[in-house]
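Heads up: the structure comes next, in structure tokens.
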Amino acid sequence: MKELVIISGKGGTGKTSVTASFAALAKNAVLVDCDVDAADLHLILNPQIRKRHDFYSGHEAVIRPADCAACGLCKTLCRFDAIQESAGTFQIDSTSCEGCGICVAFCPVKAIDFPDRLCGEWFQSQTRFGMMVHARLGIGAENSGKLVSTVRNQAKQFAQAIQADWILVDGPPGTGCPVIASITGADAVLAVTEPTLSGKHDLLRVLELARHFKIPAFVCINKWDINPEMAEQTEAVATAVGATVLARIPYDKSITTAQINGQSVVELNDGPASQSIQTLWEKLCLTLQ
């Protein structure tokens, strides 16, 4: 079983479109969307949720009004201005509370509870291409890295149970904590980039991250023909830092049409982009298996 994580140094490069096409091409794969802050793979794969699970991380303080002595010590100690006073009563703003626990520790009458914080949900779903594990982080919630790790671990357990050949992960963009949680321990990453100056810059950052964790990195240039000169420069710098450039995907309006129809482009037609992605998938299979 191989775990391939499709990533990008920035958003909007076509990472999810490539992942959805791989899902259509792969046989016996478990699909994962690790972009828990702004998931969108479900827009193409239309998963039917079979099981849903709450995700808890950290704590939040809650004052019990009946036991509160209204001394105001908690408000004085709070460095996040999360405690509000109104008509002599104190309440905690859950969106401002950082869960540090200082108010809980120093409340003289022990009137503050410290329950686990509900931060989101993760799901086990069925798609037309197999099982998918994905999640939704709550608005303003933290610990997306921990939720990503939860999603990946659950996907691995399911993949082992059904003896899947592939775990295909649609990773989050950028180089932050969710990306680190997405790629750590993976067999390989595929970085999808575009032929722009910002695309080249952010590709180098994400390739540096993969090199730090000693994960083999492959690269494909999406919409390469909108700026062939920059595409060549991007390929050159990617090769210089040790990545393997596998494919170029041309600009193709069929990708937009496929998205509108809730399809991957390889399901829609056998056009230029579809052929390039199929070739890319074949190269990855030969390289990783």
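Nothing in this text is a laboratory measurement; each read-out follows from the coordinates by a stated rule. Quantities reported herein were computed from a predicted structural model and do not represent experimental measurements. Note that we place each Cβ from the backbone using ideal geometry, even for glycine, and neighbour counts take in every protein chain shown.
Here are a few things to note about the model shown:
- In plain terms, the residue of 50, 152, 211 with the fewest other Cβ atoms within 10 Å comes first and the most crowded comes last, giving 50, 211, 152.
- Ranked by how many other Cβ atoms sit within 10 Å of their own Cβ, fewest first, the residues 241, 5, 265 fall in the order 241, 5, 265.
- Selection from 21, 104, 80, by position along the positive dipole direction of region 1-139 (Cβ): 21
- For residue 75, a cut-off of 17 angstrom between C-alpha atoms picks up these lysines, skipping any fewer than 8 places away in its own chain: 110.
- Taken about its Cα centre, the chain carries a charge dipole of roughly 500 debye when the Cβ of each Lys and Arg holds +1 and the Cβ of each Asp and Glu holds -1.
- Cross-link pairs exceeding 23 Å in C-alpha to C-alpha distance, out of 27/253; 15/283; 15/200; 27/283; 146/214; 10/51, comprise 27/253; 10/51.
- Fewest-first sequence of 131, 1 by Cβ atoms within 10 Å of each Cβ: 1, 131
- Spacing of the two label points (7 Å from each Cα toward its C-beta) at residue 160 and residue 260, in nm: 4.5 nm
- On a per residue basis, the convex hull of the C-alpha atoms belonging to region 32-153 measures out at 119 Å³.
- Cα Rg, Dmax, the chain, angstrom units: 22.8, 71
- Debye intensity ratio I(q)/I(0), log10, region 61-114, q values 0.17, 0.24, 0.27 Å⁻¹ (C-alpha model): -0.41, -0.87, -1.14
- Counting DSSP beta bridges with both ends in the chain, the antiparallel % (nearest 5): 45 percent
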